[in-house]
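First the structure, in the form of structure tokens, and then the observations on it.
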Amino acid sequence: MRPASRAERGRHLVAGGEAGLGRDTRFRLVRLRRQGTRAMAEGTGMSRFLGRSGIEVSDIGCGCWAIGGPTTMDGKADGWGDVDDGESMAALRRARELGVTFFDTADVYGAGHSEQVLGRALAGHRDEVVIATKFGYTFDTGQRAITGEDASPGYIRRACQASLRRLGTDRIDLYQLHIGDLPAAQAPEVIGVLDGLVADGLIRSYGWSTDDPQRAAVFAGGAHCAAIQHDLNVLADAPAMLAACDTLDVASINRTPLAMGLLTGKYGAASQLPADDVRAAQPWVRYFAGGRPAPQWLALIDAIRDVLTSGGRTLAQGALCWLRARSPRTLPIPGVRTVGQAEQNAAALRLDPLSAAEMAEIARLLGS
Ligand SMILES: NC(=O)c1ccc[n+]([C@@H]2O[C@H](COP(=O)([O-])OP(=O)(O)OC[C@H]3O[C@@H](n4cnc5c(N)ncnc54)[C@H](OP(=O)(O)O)[C@@H]3O)[C@@H](O)[C@H]2O)c1
């Protein structure tokens with residue numbers, strides 16, 4: 001699909017993206033259009049649009065996996081250990097106060113708990129924020145365990161209603177298929193169900209959390225597909241997926257933007273995470289092995305630390321500003337557990353994206 005022209009993008013704004021928006025939000029969109037959407041669509045401001053949906057979001061969002069608390073998969077930890085719900089809610093509220101408007105969760109995080117905490121934290125501010133959640137993994141709330149996957153039409157409709165209840169809202173702004181490797185042949189049926197949910201006013205747009213550009217292309221054929229969520233950070237670029245997002249005119253939502261905490265600089269060779277942390281328990285985690293930072297990633301961070309932290313940025317802020325500079329479509333969603341983390345990550349909204357010279361220097365240092 002060719003990229004939408006600016007005029008086409010404007011028509012999407014008027015026609016497709018505003019169902020369910022509050023009056024203030026609609027006025028804000030009109031004002032933004034008058035100011036000129038181009039600067040924001042190109043990422044020079046603090047806001048971006050979710051692909052062709054017309055949904056406006058802050059340049060940096062907030063990830064809500066860790067705040068779900070303990071969960072298991074195949075008997076191993078798939079959460080980030082114990083959480084303090086009071087601290088989680090304070091962190092989410094602080095992020096919103098500081099200008100973060102995009103919050104990403106999933107029904108399965110904490111077996112429903114993350115959605116409940118997010119809903120409570122954002123209560124009273126629904127029209128000011130954009131909520132993304134995911135479906136596709138089944139879970140047992142009592143056991144807090146992930147039990148399997150299901151992308152059948154009936155299950156998707158039930159999952160959507162359950163997420164709406166837990167989030168305490170009447171609409172989901174971005175509803176994402178969570179099963180990254182679902183066969184592409186099943187995608188058209190899923191798209192059909194999601195289009196039905198849009199028609200019913202229960203969701204405003206949809207996307208797929210997948211690292212496969214070909215699957216992304218299939219999903220982007222859906223009329224209301226706004227985003228693809230995929231792994232991306234300064235240590236692990238994804239040029240093929242970014243090119244696909246450009247061609248398909250969808251947002252690139254970046255999970256693991258801080259390499260699951262490694263790109264904050266607080267974990268060194270001697271660090272050991274506890275057994276109830278996904279980073280210690282699951283074999284597919286890239287940046288940690290058995291809860292210890294993997295040495296090859298630490299070496300890469302050492303190589304680029306000075307560039308990322310120049311100008312007074314923290315390492316985490318440097319990593320987020322790299323993502324903001326990488327493409328006008330990127331939308332990093334750093335996960336947060338504390339108010340301090342939320343403040344530091346949100347402060348990156350007020351910093352400039354990395355300069356072209358800094359991006360080139362990092363590419364040279366990483367040999368990419
Ligand atoms: N398949 C999928 O769809 C999928 C998969 C993964 C993630 N996601 C989404 O993407 C989001 C982000 O990915 P992620 O949470 O895995 O990894 P991440 O954002 O790279 O790392 C988040 C972790 O880093 C630490 N941290 C964050 N900000 C910090 C700061 N300023 N200073 C120090 N430490 C900080 C926190 O953990 P500690 O304090 O414990 O170190 C936090 O939980 C998730 O929350 C989720 O919404 C989706």
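The values are calculated or read from the model by the stated rules, or taken from the named source; none is laboratory data. Quick caveat: nothing in here was measured; it's all calculated off a predicted structure. Here Cβ is always computed from backbone atoms with ideal geometry, including for glycine, and neighbour counts include all displayed protein chains.
If you go through the range 93-129, how many residues are in contact with a Gly (Cβ under 7 Å, 6 or more places away or on another chain), among the hydrophobic types (A, V, I, L, M, F, W, C), more than 11 Å from the ligand (Cβ to nearest atom) and within 25 Å of A251 (Cα to Cα)?
Looking only at that region, the number is 1.
Conditions tested, residue by residue: (1) within 11 Å of the ligand (Cβ to nearest atom); (2) among the basic types (K, R).
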position	(1), (2)
A238	no, no
L242	no, no
S252	no, no
R255	yes, yes
L258	yes, no
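From the list R157, R144, R126, pick out the single residue that is more than 14 Å from the chain's Cα centre (by Cα), more than 24 Å from M73 (Cα to Cα) and modelled with pLDDT of 95 or more.
Step by step, each of R157, R144, R126 is checked, and only R126 is more than 14 Å from the chain's Cα centre (by Cα), more than 24 Å from M73 (Cα to Cα) and modelled with pLDDT of 95 or more.
Being surrounded by 22 or more Cβ atoms within 10 Å (Cβ to Cβ), among the aromatic types (F, W, Y) and more than 11 Å from the ligand (Cβ to nearest atom) is the filter here, so list the residues in the range 260-304 that pass it.
none
Quick check, is A132 touching a strand residue (DSSP E or B) at 6+ places or on another chain (Cβ under 7 Å), surrounded by 21 or more Cβ atoms within 10 Å (Cβ to Cβ) and touching a residue at least 60 places away in the same chain (Cβ under 8 Å)?
yes
Looking at the range 148-183 only, could you name the residues that are of a type in the set (S, T, Y) and surrounded by 15 or more Cβ atoms within 10 Å (Cβ to Cβ)?
Residues satisfying the conditions are Y155, S163, T169, Y175.
Hey, does the range 305-313 have a residue that's touching a residue at least 24 places away in the same chain (Cβ under 8 Å), assigned to a helix (DSSP H, G or I), more than 12 Å from the ligand (Cβ to nearest atom) and of a type in the set (D, E, K, R)?
Yes, the conditions are met somewhere in the range 305-313.
From A259, A216, A275, which residue is modelled with pLDDT of 95 or more and more than 22 Å from G79 (Cα to Cα)?
After ruling out the rest, the residue left standing is A216.
Filter the range 68-84 for residues that are touching a residue at least 24 places away in the same chain (Cβ under 8 Å) and either within 15 Å of the ligand (Cβ to nearest atom) or crowded, with 24+ Cβ neighbours inside 10 Å (or both) and give the result.
The answer is G68, G69, P70, T71, M73, A77, D78, G79, W80, G81, D82, V83.
Could you count how many residues in the range 325-356 are in a strand (DSSP E or B) and either near the ligand (Cβ under 7 Å from one of its atoms) or surrounded by fewer than 19 Cβ atoms within 10 Å (Cβ to Cβ) (or both)?
Looking only at that region, the number is 1.
How many residues does the range 47-67 hold that are more than 16 Å from the ligand (Cβ to nearest atom) and not basic (K, R)?
7
Looking only at residues in the range 199-212 that are within 15 Å of L182 (Cβ to Cβ) and not acidic (D, E), which one is surrounded by the fewest Cβ atoms within 10 Å (Cβ to Cβ)?
S209
Of all residues in the range 218-233, which are touching a residue at least 40 places away in the same chain (Cβ under 8 Å), crowded, with 17+ Cβ neighbours inside 10 Å and more than 16 Å from the chain's Cα centre (by Cα)?
If the condition is that a residue be touching a residue at least 40 places away in the same chain (Cβ under 8 Å), crowded, with 17+ Cβ neighbours inside 10 Å and more than 16 Å from the chain's Cα centre (by Cα), then F219, A220, H224 are the ones that fit.
Here is a yes/no grid of residues against (1) out of contact with any strand residue (DSSP E or B) (no Cβ under 9 Å at 6 or more places or on another chain); (2) farther than 28 Å from T314 by Cα:
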residue	(1), (2)
S205	no, yes
A220	no, yes
M241	no, no
T247	yes, yes
I253	no, no
T256	no, no
T264	yes, no
G268	no, no
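Which ones in the range 200-236 are within 11 Å of the ligand (Cβ to nearest atom) and among the aromatic types (F, W, Y)?
Matches in the range 200-236: W208 only.
Among (1) buried (at least 18 other Cβ atoms within 10 Å of the Cβ); (2) out of contact with any strand residue (DSSP E or B) (no Cβ under 9 Å at 6 or more places or on another chain); (3) β-branched (V, I, T); (4) over 23 Å from S58 (Cβ atoms), there is one condition I191 misses while meeting the rest; what is its number?
Of everything listed in (1) buried (at least 18 other Cβ atoms within 10 Å of the Cβ); (2) out of contact with any strand residue (DSSP E or B) (no Cβ under 9 Å at 6 or more places or on another chain); (3) β-branched (V, I, T); (4) over 23 Å from S58 (Cβ atoms), I191 misses just condition (2).
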